[in-house]
Structure formats: structure tokens, C-alpha cells
Amino acid sequence: MRSAAFRALVGFGGTLLALGSATLAVSTATSAVIRVAVRARQRKRLVPCKSCCDCSSSLTSSSSATSSSTPGKRRCCVCRGRRAVRWQPFAAPLAARWTLCPLCAGKGRQACFNCSGTGEVVGSDEEVAREKERKEAAAEAAAAETIDLR
Ligand SMILES: [Zn+2]
Ligand SMILES: [Zn+2]
């Protein structure tokens, strides 16, 4: 009698466990699908980050050359690309003292705060349309160039 009740309890628990894990698996799969769909939709709306892509012209020539190869990076706003900051612990210093920039760790560049270093942000409808036009114009120009070469 006792063993039958125990068996029934174990069976019930097993069913619950199976149901629970099945529900968990389905919900995990659903959330993964939703995540992929959201990411795919966002990818269509990605535009170059204005904060780090447009400002490259205002940087010095040497850093603008590196900025084109590393979108999402911009000149460090603490050391202004000098890689070190003047820091003096004494009130009446005898000599200027430089220390490694604490924000960029001496790299002179930091990840853009606007796009968190990716170089792209999800744009507004207007920005997405403008970016699409720009890409189409660039593709047309490239096509015209190849025709000219032939
Ligand atoms: Zn950026
Ligand atoms: Zn710095």
C-alpha cells in the first residue's frame, strides 16, 4: 500500500519534472528565436555611429588613419589622445609629473560611449532612409567606375 502510494508520488513528480523541463526548453527556444528576429530587424536599421564615425575628420591626421580601420573607437576624452595625463600629488610640485591615462590605459583611444565600440547604432527612420540612399549611390558610383574601366 505504502509502496504503491510512493510509486504514484514518484510518477507524479516525474511527470511534473518532464512537463517542467519541456516547458523550459520550449520557452528557451522561443526566446532564442525572438532574440534572433529582433537582432535581424535591428541589423537592417543600423547606421554608422555619428559620435565616432563622423568626428574622425576633426582628429589629427595620424589618428584619423587609425580610426578608419577601427570604427567604434574615438580619441580618449581624458588624455585627448596624448596617452598620459599630468598628475601631481603635491601642492607645490618641483617638477611636472605625467602618469598613464587611467581611462584608455595609454592607448590614446577609447571605445565610443554612443555605440559601445561597435561603430554602428540603431538609427531613426530618417537616418535609416538616408543611409540606404547613401549606400545605393555608392553602389551606383562603383558600378559606373567598373563600366568605365571596360
Ligand atoms: Zn560610436
Ligand atoms: Zn586616455
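Per-structure values
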{"quantity": "Given (1) surrounded by 15 or more Cβ atoms within 10 Å (Cβ to Cβ); (2) modelled with pLDDT under 90, index of the condition Arg83 fails", "calculated": "(2)"}
{"quantity": "Residue within region 74-86 that is in contact (Cβ under 8 Å) with a residue 40 or more places away in the chain, of a type in the set (Val, Ile, Thr) and closer than 17 Å to Cys52 by Cα present", "calculated": "no"}
{"quantity": "Flag if Cys49 is within 16 Å of ligand 2 (Cβ to nearest atom), modelled with pLDDT of 85 or more and surrounded by 13 or more Cβ atoms within 10 Å (Cβ to Cβ)", "calculated": "no"}
{"quantity": "Region 92-103 residues that are among the small types (Gly, Ala, Ser), paired with ones that are part of a strand (DSSP E or B) (beta carbon under 9 Å, 6 or more apart)", "calculated": "Ala96/Arg86"}
{"quantity": "Residues within region 90-110 that are within 16 Å of ligand 2 (Cβ to nearest atom) and among the charged types (D, E, K, R), tallied", "calculated": "2"}
{"quantity": "Region 112-150, residues that are in contact (Cβ under 8 Å) with a residue 60 or more places away in the chain, within 16 Å of ligand 2 (Cβ to nearest atom) and in contact with a strand residue (DSSP E or B) (Cβ under 6 Å, 6 or more places away or on another chain)", "calculated": "Cys112"}
{"quantity": "Yes/no for Ala37 being more than 13 Å from ligand 1 (Cβ to nearest atom), within 24 Å of Val128 (Cβ to Cβ) and either among the polar types (S, T, N, Q) or at pLDDT 80 or above (or both)", "calculated": "yes"}
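The values are calculated or read from the model by the stated rules, or taken from the named source; none is laboratory data. A quick note: this is a predicted structure, and the numbers were derived from the prediction, not measured. Don't worry about glycine lacking a Cβ; one is built from the backbone with ideal geometry, like all the others, and counts go over all protein chains shown.
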